[in-house]
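Visitor: Quick one: the structure is below, questions incoming.
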Amino acid sequence: MAKPVRQRRARKPPRQLTPQHQNWIRSLLIYEDSALLAFNKPSGLAVQGGSGIAIDFDFLLGAFANRKGHRPKLVHRLDRETSGLLIVAKTSPAAAHLSAQFASRSLSKRYLALVAGEVAETRGEIALPLVKINSGGLDLMRPARENDQDPQAARTDYRVLAKSVAASLIEAAPHTGRMHQIRVHMAAFGHAILGDTKYGGLMVAGGKPCPRLMLHAFALDFTHPDTGAPMHLSVAPPSDLIEMAQHLGLDLEQGLVQSLSKLA
């Protein structure tokens, strides 16, 4: 008896980097030198591909491939919903140097976030271990419980830059790099980030719908991989976050002036 012929699944054609893709990624570029590139990633653009993701930042980096076809290398990531500063390395030595700084937490990362409610303290520290869970097919984090095995230490410093009864503008500096760390810490603190659908953030604040997660990677301080010189890069928050802050009566401009200095 003849064996049934197995149907081979048709392979998807490789994605093609179009001129529109190249123009888009180049429009996000804010800094370039011989060792690294820095971009202002918009909210909604995934850093890496995955299920249901048609276009991702890593794919778009093909626009910067050298003559040998070598692409810039990712050295850190941002959540898909988070906007802001993302740096990548042009060379393998630069990637190793920058990755080591991220791994050792020797660099400074600062984020801006709009959170629900009036945060009472001017500044503080949230030291709350986290564990990864799977809920409905999604990888999430939650605060560790007494019987959890191998919880991940996590610490976030925060400073209030502006506040009203409805919301507060905070600067957050994570000292560890856990997934969704700032989001989980602020939710556990009772001030979830506005628009955070994964961790209980309000979708409407002051009568205005939140267009997305109100979290922005604002600044990075690190040492240059080639020269060792101190580097500071920052990107202003996008218009949707600015408009939300203004609607809630928060002085974003004054907050940014304060945020030019490092958290003590």
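The values are calculated or read from the model by the stated rules, or taken from the named source; none is laboratory data. In this text, all values refer to a predicted model and were calculated from it rather than measured experimentally. FYI the Cβ positions are ideal-geometry reconstructions off the backbone, even for glycines, and counts take in every protein chain you see. Please note that ligands, DNA and RNA were not included when accessible areas were found on the heavy atoms of the full protein model with its side chains. Shrake-Rupley method; radii C 1.70, N 1.55, O 1.52, S 1.80 Å.
Visitor: Could we say that residue 153 is open to solvent by 10 Å² or more (accessible area, probe 1.4 Å), in contact with a Pro (Cβ under 6 Å, 6 or more places away or on another chain) and of a type outside the set (S, T, N, Q) here? Steps first, please.
Guide: Working: open to solvent by 10 Å² or more (accessible area, probe 1.4 Å): yes; in contact with a Pro (Cβ under 6 Å, 6 or more places away or on another chain): yes; of a type outside the set (S, T, N, Q): yes.
It is true that residue 153 is open to solvent by 10 Å² or more (accessible area, probe 1.4 Å), in contact with a Pro (Cβ under 6 Å, 6 or more places away or on another chain) and of a type outside the set (S, T, N, Q).
Visitor: Scan the stretch 194-207 and report the pairs whose first residue is charged (D, E, K, R) and whose second residue is part of a loop (DSSP other than H, G, I, E, B) and at pLDDT 95 or above, with Cβ atoms within less than 6 Å and a gap of 6+ or a chain change.
Guide: So the pair list comes out as 196/213.
Visitor: Going residue by residue through the stretch 36-44, is there one that turns out to be within 25 Å of residue 218 (Cβ to Cβ), more than 17 Å from the chain's Cα centre (by Cα) and at pLDDT 90 or above? Break it down stepwise before answering.
Guide: At the first step, the residues of the stretch 36-44 found to be within 25 Å of residue 218 (Cβ to Cβ) are 36-44.
Add one more test, that the residue is more than 17 Å from the chain's Cα centre (by Cα), and what stays is 36.
From what's left, at pLDDT 90 or above: 36.
Among the residues of the stretch 36-44, at least one is within 25 Å of residue 218 (Cβ to Cβ), more than 17 Å from the chain's Cα centre (by Cα) and at pLDDT 90 or above, which makes the answer yes.
Visitor: Could you list, in sequence order, all residues of the stretch 61-94 that are open to solvent by 10 Å² or more (accessible area, probe 1.4 Å), small (Gly, Ala, Ser) and assigned to a helix (DSSP H, G or I)?
Guide: 62, 63, 92
Visitor: Also, quick follow-up: Residue 141: part of a loop (DSSP other than H, G, I, E, B), within 19 Å of the chain's Cα centre (by Cα) and of a type in the set (A, V, I, L, M), yes or no?
Guide: No: the conditions fail for residue 141.
Visitor: So, one more: Listed residues 145, 178, 123; which is touching a Phe, Trp or Tyr at 6+ places or on another chain (Cβ under 7 Å) and open to solvent by 20 Å² or more (accessible area, probe 1.4 Å)? Don't jump to the end; show me each part of the working.
Guide: Details: 145 fails: touching a Phe, Trp or Tyr at 6+ places or on another chain (Cβ under 7 Å); 178 fails: touching a Phe, Trp or Tyr at 6+ places or on another chain (Cβ under 7 Å).
So the residue among 145, 178, 123 that is touching a Phe, Trp or Tyr at 6+ places or on another chain (Cβ under 7 Å) and open to solvent by 20 Å² or more (accessible area, probe 1.4 Å) is 123.
Visitor: Something else now. Tally up the residues in the stretch 198-226 that are among the hydrophobic types (A, V, I, L, M, F, W, C), closer than 15 Å to residue 38 by Cβ and open to solvent by 60 Å² or more (accessible area, probe 1.4 Å), please. Spell out how you get there, then give the answer.
Guide: Initially, the stretch 198-226 is screened for residues among the hydrophobic types (A, V, I, L, M, F, W, C), giving 202-205, 210, 213-215, 217-220, 222.
Subsequent filtering for residues that are closer than 15 Å to residue 38 by Cβ retains 217-220, 222.
Among the residues that remain, those that are also open to solvent by 60 Å² or more (accessible area, probe 1.4 Å) are: none.
So the count comes out to 0.
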